[in-house]
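The values are calculated or read from the model by the stated rules, or taken from the named source; none is laboratory data. All of these numbers come straight from a predicted model, not from anything done at the bench. Virtual Cβ from ideal backbone geometry, glycine too; neighbours counted across all protein chains shown.
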Amino acid sequence: MEPVITTDKLTKRFGSFVAANELSFEVNKGEIFGFLGANGAGKTTAMRMLCGLLTPSSGKARIAGFDIYKETEKIKRNIGYMSQKFSLYDDLTVSENIRFYAGIYGMSIPAIKQKTKELLEELQLVNEAKTLVRELPLGWKQKLAFSVSIVHGPEIVFLDEPTGGVDPVTRRQFWDLIYAAADKGVTIFVTTHYMDEAEYCNRVSIMVDGVIAALDSPAELKRQYRNQSMEDVFYELARKAKRGE
Amino acid sequence: MITIEKLTKTYNKGQVLAVQDVSLDVRHGELFGLIGPDGAGKTTIFRILTTLLLADKGTATVNGCDVVKDYAKIRNSVGYMPGRFSLYQDLTIEENLNFFATVFGTSIRENYDLIKDIYIQIEPFKDRRAGKLSGGMKQKLALCCALIHKPAVLFLDEPTTGVDVVSRKEFWEMLARLKAEGITIMVSTPYMDEANRCDRIALMQKGQILSIDTPAWIVGQFPVDLYAVHQANTHKLLKEVRKYPGTDSCFAFGDSLHVTLKGGATAGHEGEEGSAGLTKYLRDRGLADVSMEKITPGVEDCFIQLLKS
């Protein structure tokens, strides 16, 4: 298997506070990797480093083949990012949003045209192409935001709590999109507070107080910790946290 | 303690229907949950009940007071924790708490017993500005501020959204203690698993109530047999179960699938459409070691089922 994320003792300090402490792990191509942790465990800091937005204090990492210190601009071009708060523009239409993001990522005009057509068909939004994003139901916005985040064909997409606030059916439809992208070889790096979603990941890491306290497949973690569900595994690990969030 | 009758609220000159003809009652001392995704109308209901918003149609009372006529009385007797953190970011923990106590004509000392369990967890940071607190600490401070005047009714709008499993558990334990103090609590959440912590719940979607009762009753109303189907490769299993002609619905739940069959077919029915048919179908497609058992649905299963109808 081919790793697309490798980190070696990746650390970030803010003064005397060690937000992320010697993180070492690999994520393989096409893998769905769940990145879990309690509030304040250091997930956001780690994720910002991996996206090339925050310079580490020490340690090494390569993202999509690029160095996390020297090649942050290349990293940014080769990853996608979607957060809970959508990065879509409410005042632009569906197709304008696609065009905008594809343009930002430097796609050519014919390529953008082609991609827009494909995406609208794939998302069954052909009739809504000229609808303002503001008017779309939340679930559709979410699917569009995901598609837009991988419009430039990145190797990895970072999803930061992508399913917050949607109904249970839409949440599961969103995971269908995640699976479809992973099947095409896109690596998925996802955070969530829904522990049932942790079960949908190939492997899961759980951060506690700035370190990775556990990392394995959900089935293996449940076996190791002799728990029935990922929620129990998470609870057992995270309640030992000393850090006052 | 709370009555809502045929409440309707629209936004944007009637274009957005936020709450549609909603009626419900919350009894004294009850822990009542509004369960549903964003856009269900939960926040609108809170804002009407806390007299911050006027309904288009319908009536509502809180603690015997009408939300329109007696708004001033309601404001004195309820605590409200909005979904968005709305304390003073530039004031410290202690200053915020003092401020809310003073506004309500009381002092921290007078009702300290009520908030003690929660306050001691953030007291070490009492000189820190609210804006500098972590999510979990903000949540605890907001709850203290909502409680400091010993309200008869407590309104909590999505207090656990975006909060990790450990903090969520702790928060519900705090609510159980407040309920034991006799405070009536109305709480909203998008997490279906939290529904079981409530005495009664209203499942909501797009401004309407899908079902309202105790979690146990709602679960008991699930109309067909529900099966948990498990195999190591959940994703492949999901694709195949969906293709099976006898499948009515199929959703991933953790490491299993929850499946209902067409015509409510049960395990006793061994025809092609039954559960035996499904395991055979899967075996024929190379999925060995499939386990399938009839299970009791959860609130989330019920919500999904109600969305279909």
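A few comments on the model shown:
- Within segment A:197-216, tally of residues that are at the interface with chain B (Cβ under 9 Å from one of its Cβ atoms), in contact (Cβ under 8 Å) with a residue 60 or more places away in the chain and charged (D, E, K, R): 1
The rows are residues; the columns are (1) closer than 30 Å to B:L31 by Cβ; (2) assigned by TED's automatic domain parsing to the domain that holds B:L7.
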residue: B:A195; (1), (2): yes, yes
residue: B:I201; (1), (2): yes, yes
residue: B:Q208; (1), (2): yes, yes
residue: B:V241; (1), (2): no, no
residue: B:G246; (1), (2): no, no
residue: B:G254; (1), (2): yes, no
residue: B:L282; (1), (2): no, no
residue: B:P297; (1), (2): yes, no
residue: B:I304; (1), (2): yes, no
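- Of all residues in segment A:145-196 being among the polar types (S, T, N, Q) and in a strand (DSSP E or B), the one that is farthest from the other protein chains (Cβ to nearest Cβ): A:T187
- With respect to being under 16 Å from B:D157 (Cα atoms) and either within 18 Å of the chain's Cα centre (by Cα) or outside the structural domain of B:A180 (by TED's automatic domain parsing) (or both), B:R27 falls outside the description.
- Filter pass, B:I35 being within 14 Å of chain A (Cβ to nearest Cβ), surrounded by 17 or more Cβ atoms within 10 Å (Cβ to Cβ) and farther than 26 Å from A:L136 by Cα: no
- Flag if B:I118 is out of contact with any strand residue (DSSP E or B) (no Cβ under 9 Å at 6 or more places or on another chain), within 30 Å of A:K43 (Cβ to Cβ) and either within 13 Å of chain A (Cβ to nearest Cβ) or assigned to a loop (DSSP other than H, G, I, E, B) (or both): no
- Filtered residues of segment B:32-55 (kept if within 25 Å of B:L306 (Cβ to Cβ) and assigned to a loop (DSSP other than H, G, I, E, B)): B:G36, B:P37, B:D38, B:G39, B:A40, B:G41, B:A55
Residues are listed down the side, and each one gets a yes or a no for (1) more than 23 Å from A:T163 (Cβ to Cβ); (2) in contact (Cβ under 8 Å) with a residue 12 or more places away in the chain:
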position	(1), (2)
B:K138	no, yes
B:V166	no, no
B:K179	yes, yes
B:C198	no, yes
B:K206	no, yes
B:A216	yes, no
B:V219	yes, yes
B:H230	no, yes
B:T247	yes, yes
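- When A:E96, A:E122, A:E161 are screened for being more than 22 Å from the chain's Cα centre (by Cα) and surrounded by fewer than 20 Cβ atoms within 10 Å (Cβ to Cβ), only A:E96 passes.
- Helices (runs of 4 or more DSSP H) enclosed by segment B:195-284 - at least 1 residues per element that are modelled with pLDDT of 90 or more, closer than 22 Å to A:R172 by Cα and under 24 Å from the mean Cα position of the chain (by Cα): B:215-220
- When residues in segment B:115-148 are screened for being in contact with a Lys or Arg (Cβ under 8 Å, 6 or more places away or on another chain) and closer than 18 Å to B:G33 by Cβ, 0 of them pass.
Yes/no per residue for (1) in a loop (DSSP other than H, G, I, E, B); (2) within 29 Å of A:N21 (Cα to Cα); (3) of a type outside the set (A, V, I, L, M, F, W, C):
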| position | (1), (2), (3) |
| --- | --- |
| A:T55 | yes, yes, yes |
| A:A61 | no, yes, no |
| A:K70 | yes, yes, yes |
| A:E73 | no, yes, yes |
| A:K76 | no, yes, yes |
| A:K85 | yes, yes, yes |
| A:Y101 | no, no, yes |
| A:M107 | yes, no, no |
| A:K113 | no, no, yes |
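- Entry remark, segment A:222-245: residues being in a loop (DSSP other than H, G, I, E, B), at the interface with chain B (Cβ under 10 Å from one of its Cβ atoms) and under 19 Å from A:G40 (Cα atoms) number 6 in total.
- B:R109 at pLDDT 90 or above, in contact with a helix residue (DSSP H, G or I) (Cβ under 8 Å, 6 or more places away or on another chain) and charged (D, E, K, R): no
- Going through (1) within 13 Å of another protein chain (Cβ to nearest Cβ); (2) touching a Gly at 6+ places or on another chain (Cβ under 6 Å) one by one, A:A219 falls short only on (2).
- Of all residues in segment B:149-168 being under 21 Å from B:G36 (Cβ atoms) and either surrounded by fewer than 18 Cβ atoms within 10 Å (Cβ to Cβ) or of a type in the set (S, T, Y) (or both), the one that is farthest from the other protein chains (Cβ to nearest Cβ): B:T160
- Test: B:M186 is crowded, with 23+ Cβ neighbours inside 10 Å, within 14 Å of chain A (Cβ to nearest Cβ) and assigned to a strand (DSSP E or B): no
- Test: residue in segment B:84-91 that is in contact with a strand residue (DSSP E or B) (Cβ under 6 Å, 6 or more places away or on another chain) and buried (at least 16 other Cβ atoms within 10 Å of the Cβ): no
- Test: residue in segment B:100-120 that is over 23 Å from the mean Cα position of the chain (by Cα), of a type in the set (K, R) and closer than 30 Å to B:L17 by Cα: no
- Of the residues making up segment A:128-139, those that are more than 12 Å from chain B (Cβ to nearest Cβ) and touching a Leu at 6+ places or on another chain (Cβ under 9 Å) are A:E128, A:A129, A:T131, A:L132, A:V133.
- Test: residue in segment B:131-146 that is assigned to a loop (DSSP other than H, G, I, E, B), at pLDDT 90 or above, within 24 Å of A:A38 (Cα to Cα) and not aliphatic (A, V, I, L, M): no
- Candidate set from segment A:1-39 (those that are modelled with pLDDT of 95 or more and among the hydroxyl-bearing types (S, T, Y)); member that is nearest to A:A181 (Cα to Cα): A:T6
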